[in-house]
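Here's the structure we're looking at; comments come further down.
No value in this document is a laboratory result; all are computed from the given coordinates. What you see is a predicted model, and the numbers here were worked out from it, not measured in a lab. Reconstructed Cβ throughout: ideal geometry from the backbone, glycine too, with neighbour counts over all protein chains shown.
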Amino acid sequence: MGNDENTKTEETATTKKLPSREEIEALKEKLAIQNTMGRIRHKIIVMSGKGGVGKSTVATNIAVALASKGQKVGLMDVDIHGPSIPKMLGLDGHMLKGSETGLAPIPYNDNLGVMSIGFILKSQDDAVIWRAPLKHKLIRDFLTDVQWGNLDYLIIDSPPGTGDEPLSVAQLLEDADGAVIVTTPQDVALIDVRKAITFCRQVKIPVLGVVENMSGFVCPHCGKTSDIFKIGGGETMAVDMNVPFLGRIPLEPKIVDAGDSGNPYFENYRDSETAKAFDRVVDPLLKLKPEIKPASSGG
């Protein structure tokens, strides 16, 4: 009788040690992400607390600027309900091509590859009506099934706010370098941007800095700057919340035209003062401490 009880106890103990199906799936997911993301030196999330502040414009020009400096860059658009990156890079109309080894990013040039749900939709008019689990799965697939290869930077354009998509990125991408927070100078935007910074702190994503976009309107006729949305609000907020301030990007009509035509501003107006402002934003990102060997080393 005693031996039977001992045997049952040992069987119970062994059973308790076995991982559940959910734990096994979580481990497989984590290993798959590590397998692809481990080949990327730096992962940077571009966020905003509020829509309409030009976050995708900033993300696009950051990616193009890094690529123009010889960096191997991936741009991942996780704005599932409003993907605008394909349009801004002149890649709208392209469709993804899969293989047994995964999905290939759509190349913008030799140094920049792009992934977006916009490449999956049959029409730009299609609405994506998804709940959180489907969004999480798509973001996971972008991190695991896309053949990013060896990259110096992966720029992740996240939708406005602190909802499902940025939360999924934070949960799945445990070793992100940090977030670049985009705002406009007026108080109505800054209120929500403060929440985005608080979100980053709660999910343990470092804040790399704040970009004050639309900071002064540059007149295309006389070249003078008018402070339509005020100026300096983003910098004051950054100081108040003890995060770095990366710089101001003016509100310039050519930036709007560049985004609508699919010709990134930074690439086409390289010598302008606004392009130099993007340079100042990118400079601290180029100085991030490398975590693994550069992509140029192969392997």
Please compute the modelled spin-label separation between Asn263 and Thr101, points set 7 Å along Cα→Cβ, answer in nm with one decimal.
3.6
Rounded if a/c is under 1.5, else prolate if a/b is larger than b/c, else oblate: which is the range 146-298, with a ≥ b ≥ c the root eigenvalues of its Cα gyration tensor?
oblate
In a shell of Cβ-Cβ distance under 10 Å around Met241, excluding Met241 itself, what net charge do Lys and Arg (+1) and Asp and Glu (-1) give?
+1
Mind putting a number on the dipole of the chain about its Cα centre? Charges go on the C-beta only, +1 for Lys and Arg and -1 for Asp and Glu, and I need it in Debye to the nearest 20.
420
Under a cut-off of 16 Å between alpha-carbon atoms, report the aspartates and glutamates in cross-link reach of Lys97, not counting same-chain residues fewer than 8 places apart.
Asp141, Asp145
Could you tell me the convex hull volume per residue, in Å³, taken over the Cα atoms of the chain?
176
Long-range amide H partners of Leu112 with built H, under 5 Å:
Val73
With a length cut of 15 Å (Cα positions projected on each helix's long axis) and a Kyte-Doolittle mean of at least -0.5, go through the chain and give me the DSSP H helices that pass.
55-68, 132-144, 187-202, 273-286
Spacing of the two label points (7 Å from each Cα toward its C-beta) at Lys276 and Asp125, in nm:
4.6
Anyone know which of Met47, Met241, Met76 comes out most mobile in the 10 Å Cα GNM of the chain?
Met241
In whole angstrom, how far apart do the alpha carbon centroids of the range 183-200 and the range 94-152 sit?
28
